[in-house]
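Participant: I have a structure I would like to understand better, so I am pasting it below and will then ask my questions one at a time.
Please treat every number below as a calculation from the coordinates, not as lab data. Predicted model, so just to flag it, every value in this text is computed and none were measured. Quick reminder, even Gly has a Cβ in these numbers, built from the backbone with ideal geometry, and neighbours come from all protein chains shown.
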Amino acid sequence: MPKDYQPPRDAADTFARYKTHYEGERELKPEMLEFADRELKAGATVGQLAAWTGLTPEVFRRRARALGVERKRPPTVGKLAPERPASDEEKTA
């Protein structure tokens with residue numbers, strides 16, 4: 001690949017736009033997470049925060065656990081989820 005390569009203008013514009021958004025996200029993320037922590041303590045759900053921010057609910061679940069925020073519902077998967085009885089389909093499989 002030549003060292004003097006220059007992308008076409010449309011590609012260069014897209015790269016520049018992406019870089020601006022990426023740098024802006026890194027700059028804004030700490031402040032957003034501070035607000036998210038505050039709102040979790042105030043009663044917002046992880047699903048609401050995920051919808052408002054575009055991040056996954058797991059990001060906010062982890063933050064809520066670290067903050068000691070009380071769960072809105074019991075867990076349905078994982079070690080803390082209650083054992084569920086096997087269905088007829090699972091018994092015959």
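Participant: Which count do you get for residues in segment 2-59 that are on the phi < 0 side of the Ramachandran plot, exposed (fewer than 13 other Cβ atoms within 10 Å of the Cβ) and part of a loop (DSSP other than H, G, I, E, B)?
Facilitator: The total comes to 8.
Participant: OK, next. Of the residues in segment 65-80, how many are assigned to a loop (DSSP other than H, G, I, E, B), over 14 Å from Thr45 (Cβ atoms) and among the aliphatic types (A, V, I, L, M)?
Facilitator: Within segment 65-80, residues that are assigned to a loop (DSSP other than H, G, I, E, B), over 14 Å from Thr45 (Cβ atoms) and among the aliphatic types (A, V, I, L, M) number 2.
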